[in-house]
Each structure stands twice: as C-alpha cells, then as structure tokens.
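Engineer: Take a look at this one; I'll ask things after.
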Amino acid sequence: MKLKSLNLYYIIGIIPLTALNFILGMILASERIWLVCLIGMIGAIVIGGLIKKFMVMPYSVTSYGKLDPMSLELPVNCNVLLFTSDIMDKYAFLGRTVEIISPIRQTGEFIVVVNPKLLREYGKEFTKCAIVR
C-alpha cells in the first residue's frame with residue numbers, strides 16, 4: 001500500500017492552487033486591510049485543514065471506540081491489522097464499510113477497521129474484496 005506517496009501527490013497538487021487562490025483574493029482586496037487579514041486567516045485555516053486531512057485518514061483511533069480484532073485470510077498480503085468497530089454501524093445512512101485509520105507516515109502494518117454490518121450481511125468473501133480494494 002503506497003498511501004504515503006499518493007497523499008503526498010494530492011497535497012502537492014492541491015495546496016499550491018489553494019494558496020494561489022487565497023493570495024489572489026488578498027491582492028484583489030488590498031485596499032481594505034481588514035479584508036486582507038480575514039482572507040489570509042481563512043486561507044491558513046483551509047490549508048491547515050487540507051494538510052491535516054491528507055496526513056491522518058479519516059478519524060483518530062480513539063474515535064472508533066472499542067476495536068475488536070478480526071481474523072480474515074486476505075487473498076493478497078496487504079500488510080494490515082483488521083478490526084471491527086460498532087461505531088461504524090451507528091448511522092446506516094453514512095455507508096461506512098472499510099476505513100484505514102493509521103497515520104500515513106506509519107511504518108509496518110496499517111490498521112483497517114471493517115463495518116461489522118458489512119461482514120454480517122454480505123459475508124466474508126465480499127468483505128475480503130472490500131478490504132483489498
């Protein structure tokens with residue numbers, strides 16, 4: 001899994017364009033100093049949020065509650081630790097199936113959390129496909 005390089009490309013592509021957008025907005029509003037400061041602060045918050053989004057996916061480990069270990073033989077070696085969490089099944093309309101919750105810079109095995117409802121309703125074979133994908 002080359003998550004680090006993929007997310008690095010996203011950051012390299014999105015951050016400069018976003019920064020350019022806010023800088024151009026600040027140039028356009030240069031006659032009103034309070035507006036320049038406001039656009040600059042909003043830009044810093046947005047860019048910080050984008051970097052945070054791509055460096056940690058998608059929630060912290062503690063937000064998943066109790067993680068139950070899961071043993072499933074995957075068809076390929078994905079270098080992952082599998083867990084289930086009842087928090088993922090809390091709201092049916094969200095459709096959360098499989099999520100990677102490890103930091104991108106982590107070396108070793110990634111932590112993957114599977115929705116227990118996915119495992120119950122669709123079985124192990126479908127769950128294996130969802131994890132590998």
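Engineer: With the requirement that a residue be over 18 Å from residue 12 (Cβ atoms), surrounded by 12 or more Cβ atoms within 10 Å (Cβ to Cβ), at pLDDT 75 or above and aliphatic (A, V, I, L, M), what does segment 43-64 give you?
Structural biologist: Passing the criteria: only 44.
Engineer: Moving on. Among the residues of segment 92-133, how many are polar (S, T, N, Q), at pLDDT below 80 and more than 15 Å from the chain's Cα centre (by Cα)?
Structural biologist: Total satisfying the criteria: 2.
Engineer: Since residue 74 meets every condition but one in (1) assigned to a loop (DSSP other than H, G, I, E, B); (2) in contact with a Lys or Arg (Cβ under 7 Å, 6 or more places away or on another chain); (3) modelled with pLDDT under 75, which condition does it not meet?
Structural biologist: Result: residue 74 fails condition (3) only.
This table checks each residue for (1) touching a Gly at 6+ places or on another chain (Cβ under 7 Å); (2) surrounded by 12 or more Cβ atoms within 10 Å (Cβ to Cβ); (3) not polar (S, T, N, Q).
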| site | (1), (2), (3) |
| --- | --- |
| 41 | no, no, yes |
| 74 | no, yes, yes |
| 77 | no, no, no |
| 84 | no, yes, no |
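Engineer: Which one of these is more than 15 Å from residue 100 (Cα to Cα) and at pLDDT 90 or above: 12, 23?
Structural biologist: Just a single option satisfies the conditions, and that option is 23.
The values are calculated or read from the model by the stated rules, or taken from the named source; none is laboratory data. Since this is a predicted model, take the numbers as computed values, not measurements. Heads up, the Cβs are rebuilt from the backbone with ideal geometry, glycines too, and the neighbour counts pull from every protein chain shown.
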